[in-house]
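The structure under discussion appears below in the form of structure tokens.
The values are calculated or read from the model by the stated rules, or taken from the named source; none is laboratory data. On a predicted model such as this, the values are computed, not experimentally measured, just so you know. With ideal geometry, Cβ positions are generated from the backbone for all residues, glycine too; neighbour counts draw on all protein chains shown.
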């Protein structure tokens with residue numbers, strides 16, 4: 001409790017002097033660690049909002065969403081209808097050992113109404129170690145949901161639980177863990193006297209309810225859906241459990257598909273579809289791979305196969321197989337790349353030819369694509 005009072009004094013002094021505060025200090029001071037009766041207003045306030053980020057403007061036209069599932073068509077930074085422009089946010093700061101760069105994972109509750117969710121930070125209790133992490137709870141069933149920004153991906157969920165360790169000396173933020181899914185959270189009327197779990201001791205109850213199509217991921221023109229996200233600082237990878245379904249807008253040839261899960265490598269800034277990946281273009285191209293590195297901004301996907309199951313793309317009578325296939329997302333065209341020691345095979349038929357009459361495609365020189373690669377490819 002002494003640390004909480006000191007944190008509040010620091011926030012008050014800084015606000016009076018017009019100083020910017022580090023994210024962790026703001027998050028620590030945001031709500032009280034003691035139970036907060038539901039009758040009080042939502043603890044989301046200007047204090048926990050990071051100084052670097054302006055609050056989004058109110059959009060009274062945003063559509064309503066059913067409980068526990070934000071509307072996937074709602075704009076990313078739009079608060080719930082009728083809510084004020086004040087939002088609560090928190091950032092995890094990851095420092096890569098590979099290149100020394102800082103990369104931030106940002107979590108925002110877009111609504112502020114007590115009726116659609118809560119935001120609170122539960123600090124260490126009296127008998128917890130001094131270096132115990134803070135636990136933050138974000139819940140929002142309104143149109144904007146809880147937004148999690150990781151690399152190029154904007155993810156929307158109804159519930160996110162964030163663990164953030166204290167920053168080290170000289171650090172203005174720190175890393176941690178995020179668990180997000182459908183579900184809800186509420187303040188308890190009373191704290192059970194025998195409570196041992198930290199959030200319960202802080203007067204908060206969370207109810208995660210992972211379900212398909214409740215985790216919405218947007219990357220450029222592409223929209224993906226899964227059922228649970230877990231990010232952990234130990235490896236810096238955010239994993240979204242499937243089944244994953246996705247679609248990419250294209251006036252001439254829209255793309256849909258599926259995979260078992262999504263992995264976002266924060267350090268390498270890569271988004272990968274993993275496990276039995278299938279891409280279906282409306283124009284008839286069907287592509288399969290063990291994993292696909294996806295970059296909507298560069299309009300390219302890289303399909304990776306295995307020795308036992310090479311990447312494959314089929315359209316009409318044409319079949320292309322290779323260790324890696326470059327996929328042009330705008331044109332739904334493919335280009336094969338022959339890895340060292342690998343092969344490229346295929347069947348390319350004229351109309352009326354039978355499979356037996358179709359010669360296999362000759363393999364290009366090692367390391368060279370069968371045709372010129374798409375922009376941004378190696």
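Structural remarks
- Within the range 271-287, considering residues that are more than 12 Å from residue 332 (Cβ to Cβ) and at pLDDT 95 or above, the one surrounded by the fewest Cβ atoms within 10 Å (Cβ to Cβ): 278
- Any hit, the range 157-172, residues being modelled with pLDDT under 95, within 30 Å of residue 299 (Cα to Cα) and crowded, with 24+ Cβ neighbours inside 10 Å: no
- Filtering 268, 251 for residues that are modelled with pLDDT under 95 and farther than 16 Å from residue 150 by Cβ leaves a single hit, 251.
- Taken as a whole, the structure places residue 345 among residues that are at pLDDT below 85, in a strand (DSSP E or B) and surrounded by 14 or more Cβ atoms within 10 Å (Cβ to Cβ).
- Residue-level check: of (1) closer than 16 Å to residue 117 by Cα; (2) out of contact with any strand residue (DSSP E or B) (no Cβ under 6 Å at 6 or more places or on another chain); (3) modelled with pLDDT of 95 or more, residue 211 misses just (1).
- Condition check for residue 276: in a strand (DSSP E or B), at positive phi and not assigned by TED's automatic domain parsing to the domain that holds residue 97: yes
- The requirement of being surrounded by fewer than 20 Cβ atoms within 10 Å (Cβ to Cβ), outside any loop (DSSP other than H, G, I, E, B) and modelled with pLDDT of 95 or more is fulfilled nowhere in the range 117-126; no residue meets it.
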